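In what follows, a structure is listed as structure tokens, so that the remarks can point back to it.
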Amino acid sequence: MRKIILACLAITAVLIVAAGTFLTSRIRTVSADLAERVESHTGVAVASSGLPGVSFWPRFAVTLDNVVLPAPKGMTSGPLATIEAMHIVPEDGLFGWGKNGIAEIVLEHPSINLIISADGRANWNYDAKASAGAPDGLPLRIVNGRIAFLDERTGTAVALADVEAQTALSGPADELTAKGAFVWNERRASFTLFVKSPQRIAEDGSPTDVTLQAPGLSFQFSGRTALVKGFELDGQAGIKGTDLAMAASWFGAALPAGMDGARFDLAGAIDSSARGLLFTNAQFMLDDMRGQGDVGLAFGKGRPKLDADVVVDMIDLTRYSATSAAASTAFLANPWSSARLDLSALRSLDAILKVGTNAFAYGAFRTGPAELSANVTDGLLDLKIAKATYAEGTLDIALKIDGKADTPAIEFSANGEGIAADKALLAALGFGDMHGRLSPSLSLQASGETLADLVSTLKGHASFRTVGGSLAGVDLSGVFGKVSTAIIEGWNRDDRQSTAFDALSATFAISDGIAETSNLVLTSPTLTFTGKGEVDLLRQALDLKVDPQLAVAASPSATAPAAPQRATFPVAIQVKGPWTAPRIYPDMPGILEDPAGAYAALRKLGLVSPD
């Protein structure tokens, strides 16, 4: 019995020694195969800490911990890659015999750092030669990795997290194909990649194909990629998506809420330049709008930048307004909004735009052919619309917004000639009762966190002149005629009435939201008046004094027909109160307290009611 036990123990010992010897041999064979391949391509040795381990599930694999792949000799940038665990799966599994190769390499938590030094050297350029006739690259899988790129010459840096990818481990001069997914700016994206020679990217450039799929965005490129003089692309590219706001937010830009769900497409020849990526003679689409031209995309100062010189058939931004883009007919009757202005979009991207268009529309504001230019830099907007055909006339507009300051500031100027007054004022103010040819001129400044604040701080100058027109809904001759006998409450609007005029004009000096005029003038066949006073824009109130002259029929003579004459009031007429319904009465002391006594005194002064 004792001999049997000793024999069993001896056999067991032999088996254990044999198994250990076999496992050791397999580990050495697999490790040596990998080390030989890496060193033959790079000239550097793979290093790891501790002894190799083995795992049997789901497949037999040799595991190396804390693996380091050094950078090329002479570079001080640190290792090309550090890997928490490298699993090497033999081609023939546990019981393979001989050097039949490696089936797959799995990298767990690798950190791959691609660096171009200040002198232009790439830390993945090992001066390797293409391995013609060599075995195919080893299948390589990356699990939960990180890939970072830094160009020390420009400071350009990109870091991708949670990388899951499949590729093949070949020499740096050999073809690279890869597919997988990564996380950038908290968004997950999938990709495919083909590079003819990664090493040549750091030299004269390599043919490259890339596709990228991310929420709201897809990108594809086919052409040449190089890094020897900075980031260089030369080929064909396209960007398109179903949600422009979502795509822009991936790059740190916050577009207005109305841009959610906007479809877009940009395609054309692409190359890199001082403006970043430049699409030349590109075709682009934004929902139903289409155009062509040069479009540059770049990233700097922590935000994206758009540089475009394009022609668009029609620009209609109405749908992209988070609120109504058209002033309603109640606009002048409602209090100014006290909601805080949101100018965050100006701080989230920079832009230089030059746009020619056959038509521009925003709500009721619609032009014909126009030239637009816009510059957004560090939260400052400078917008100009020049040579615009607008409402049967011409219009130039300039708008500056300081969205960077704690208290936003706005500058606005406009000059128009021969504009249809009803169309222009309806679009701007929701007031369409004035007809005629309007020629306005405005130069205004304001600051504040709300629309009410802006109105209260408004200053500058404004003037207008309207010729050959009318005021719908009110007969001013009748209103001023009634004032000779009674105080009038409101305009007493009647859509059947109107006031025709030859010309209506005024000039205003504006300060702290109060517009003051001394030359309000209306001329017409039935009524002429001059006026002066104030318009309180914040309180939406009038305080005007006008001197009307009403047409009255003169007695006919024997030799000439009757000709109209002008009847004047002995005192000015006061127009005071809310601009939607002011009180209109003779400017006579005590008239509001004792109308009868005041009118009796006026009759003594020669007040005569027009016939």
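Observations
- Under the condition of being farther than 30 Å from S456 by Cβ, hydrophobic (A, V, I, L, M, F, W, C) and not in a loop (DSSP other than H, G, I, E, B), the residues counted in the range 336-369 number 6.
This table checks each residue for (1) of a type outside the set (D, E, K, R); (2) over 30 Å from S197 (Cα atoms).
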position	(1), (2)
K229	no, no
E232	no, no
Q236	yes, no
K240	no, no
A269	yes, no
F284	yes, yes
M289	yes, yes
G293	yes, yes
G302	yes, yes
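- L193 being in a strand (DSSP E or B), surrounded by 15 or more Cβ atoms within 10 Å (Cβ to Cβ), in contact with a Phe, Trp or Tyr (Cβ under 7 Å, 6 or more places away or on another chain) and not basic (K, R): no
- When residues of the range 69-94 are limited to those that are β-branched (V, I, T) and buried (at least 18 other Cβ atoms within 10 Å of the Cβ), the one farthest from P172 (Cα to Cα): V89
- Counting only strands (runs of 3 or more DSSP E) wholly contained in the range 34-128, the ones carrying 2 or more residues that are closer than 24 Å to A157 by Cα and either of a type in the set (F, W, Y) or modelled with pLDDT of 75 or more (or both) occupy 61-69, 81-90, 102-116.
- Within the range 479-518, being over 17 Å from D587 (Cβ atoms), outside any strand (DSSP E or B) and in contact with a Ser or Thr (Cβ under 9 Å, 6 or more places away or on another chain) holds for G490, W491, D512, G513.
- Annotation note: of A226, A257, the sole residue that is surrounded by fewer than 15 Cβ atoms within 10 Å (Cβ to Cβ) and over 19 Å from F284 (Cα atoms) is A257.
- Residue in the range 411-424 that is surrounded by 16 or more Cβ atoms within 10 Å (Cβ to Cβ), modelled with pLDDT of 95 or more and farther than 23 Å from A364 by Cβ present: yes
- The C-beta contact set for the range 587-611 (first residue in a loop (DSSP other than H, G, I, E, B), second residue of a type in the set (A, V, I, L, M) and at pLDDT below 80, distance under 7 angstrom, 6+ apart or interchain) comprises V608/A567; P610/L550; P610/V552; P610/A567; D611/V552; D611/A553.
- Test: residue in the range 289-302 that is over 17 Å from the mean Cα position of the chain (by Cα), among the small types (G, A, S) and in a strand (DSSP E or B): yes
- No other residue among L255, L217, L244 is touching a helix residue (DSSP H, G or I) at 6+ places or on another chain (Cβ under 9 Å) and at pLDDT below 85 apart from L255.
- Evaluated against (1) within 30 Å of F569 (Cα to Cα); (2) part of a strand (DSSP E or B), F412 falls short on exactly one condition, (1).
- Candidate set from the range 291-334 (those that are modelled with pLDDT of 90 or more and exposed (fewer than 14 other Cβ atoms within 10 Å of the Cβ)); member that is farthest from T156 (Cα to Cα): D313
- In the range 569-582, residue modelled with the lowest pLDDT [restricted to those that are surrounded by 15 or more Cβ atoms within 10 Å (Cβ to Cβ) and farther than 19 Å from N334 by Cα]: F569
- Residue within the range 240-261 that is under 26 Å from the mean Cα position of the chain (by Cα) and in a strand (DSSP E or B) present: yes
- Remark: pairs (first residue in the range 335-351, closer than 10 Å to E449 by Cα; second residue of a type in the set (D, E) and part of a loop (DSSP other than H, G, I, E, B); Cβ separation under 8 Å; 6+ apart in sequence or on different chains) = R340/E449; L341/E449.
- In the set D402, D406, D378, only one residue is more than 19 Å from the chain's Cα centre (by Cα) and either surrounded by 19 or more Cβ atoms within 10 Å (Cβ to Cβ) or closer than 26 Å to S344 by Cβ (or both); that residue is D406.
The values are calculated or read from the model by the stated rules, or taken from the named source; none is laboratory data. Because the structure is a prediction, the values reported are computed rather than measured. Backbone-built Cβ (ideal geometry, glycine too); neighbour counts: all protein chains shown.
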